[in-house]
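What follows is a single structure, written as structure tokens, with notes after it.
The values are calculated or read from the model by the stated rules, or taken from the named source; none is laboratory data. All figures in this text were calculated on a predicted structure; none of them were measured in a lab. Here the Cβ positions follow ideal geometry from the backbone for every residue, glycine too, while neighbour counts run over all protein chains shown.
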């Protein structure tokens, strides 16, 4: 978790330093980038770090969808543990379980800050899935398998806050924090295990920008010029406010 936060801070510092070295004529007003009704295609990999009681786990995900007007993204997400993880409930001493959670969601994401390289957004999702559980008896020297259970139709609600940095116009990385709420099954121990905050690492491909990079690179340069101009205008307005008597 600390390493991801450190990377985010370094990337943000690098972006600020880079933008300060780029010059542009503030008096010249570039044309704002055009945002079509469908402005991009969402293709995103998520790698979530989670904790199930005292066990660290990982959840891998894929998001597919569409972006509208550069502000709203909707689509479907598919998530699964990359292995069965130990679920050791603190109040249950004679049983150990391993579990794997797979689920699908419908998501919506709203962008509330955007520059050429940086973006901040908030997202929510609803869906359902199943939890596969292997049970072991631990009252003997060697844990003994005592059965497999399948909990279906586990309800999922998810909310998170995300930050993104574009390395190239068509490729970005990001981090996010969120909370997943699980309901709909009778096993309280599993519900508590999967109701937990998470930290994720994102790798994003912007297919629309990939096409522009090949066929319309001037559009990308014009968009970058506009965001540089807007940043400088805001900086001037802030300086003017500070110096106002």
Failed criterion for residue 88 (all others in (1) modelled with pLDDT of 95 or more; (2) buried (at least 17 other Cβ atoms within 10 Å of the Cβ); (3) closer than 30 Å to residue 135 by Cβ hold) | (1)
Pair list, Cβ < 6 Å and 6+ apart or interchain, from the stretch 136-150 residues that are within 16 Å of residue 84 (Cβ to Cβ) to residues that are at pLDDT 80 or above and surrounded by fewer than 13 Cβ atoms within 10 Å (Cβ to Cβ) = 136/145
Hey, among 111, 133, which residue is under 30 Å from the mean Cα position of the chain (by Cα) and under 30 Å from residue 229 (Cα atoms)?
-> 111
If we keep only residues of the stretch 178-190 that are within 22 Å of the chain's Cα centre (by Cα) and surrounded by 17 or more Cβ atoms within 10 Å (Cβ to Cβ), then the residue nearest to residue 166 (Cα to Cα) is 178
Going by the conditions given, is residue 236 modelled with pLDDT under 95, surrounded by fewer than 18 Cβ atoms within 10 Å (Cβ to Cβ) and either in a strand (DSSP E or B) or over 26 Å from the mean Cα position of the chain (by Cα) (or both)?
-> yes
Residue that is farthest from residue 189 (Cα to Cα) [pool: residues in the stretch 33-59 that are modelled with pLDDT of 80 or more and in a loop (DSSP other than H, G, I, E, B)] = 36
Please state which of the following conditions residue 40 fails to meet, knowing it meets all the rest: (1) under 20 Å from residue 121 (Cα atoms); (2) surrounded by fewer than 16 Cβ atoms within 10 Å (Cβ to Cβ).
-> (2)
Taking the stretch 209-227 and keeping residues surrounded by 18 or more Cβ atoms within 10 Å (Cβ to Cβ) and closer than 26 Å to residue 48 by Cβ leaves 209
Does residue 198 satisfy the condition of being surrounded by 17 or more Cβ atoms within 10 Å (Cβ to Cβ), in contact (Cβ under 8 Å) with a residue 60 or more places away in the chain, touching a strand residue (DSSP E or B) at 6+ places or on another chain (Cβ under 7 Å) and more than 24 Å from residue 118 (Cα to Cα)?
-> no
Within the stretch 114-129, can you find the residues that are more than 12 Å from the chain's Cα centre (by Cα), surrounded by fewer than 19 Cβ atoms within 10 Å (Cβ to Cβ) and over 19 Å from residue 172 (Cβ atoms)?
-> 126, 127, 128
Could you run through the stretch 82-114 and say how many residues are outside any strand (DSSP E or B), touching a strand residue (DSSP E or B) at 6+ places or on another chain (Cβ under 9 Å) and over 20 Å from residue 147 (Cα atoms)?
-> 1
Of residues in the stretch 205-233 being within 25 Å of residue 45 (Cβ to Cβ) and without any contact (Cβ under 8 Å) to a residue 12 or more places away in the chain, the one nearest to the chain's Cα centre (by Cα) | 211
Which one of the conditions (1) part of a strand (DSSP E or B); (2) at pLDDT below 90 does residue 181 fail to meet, given that it meets all the rest?
-> (2)
Residue 189 versus (1) in a strand (DSSP E or B); (2) under 19 Å from residue 84 (Cα atoms); (3) modelled with pLDDT of 90 or more: which is the lone unmet condition?
-> (1)
When residue 216 is run through (1) more than 20 Å from residue 34 (Cβ to Cβ); (2) out of contact with any strand residue (DSSP E or B) (no Cβ under 8 Å at 6 or more places or on another chain), the failure sits at (1)
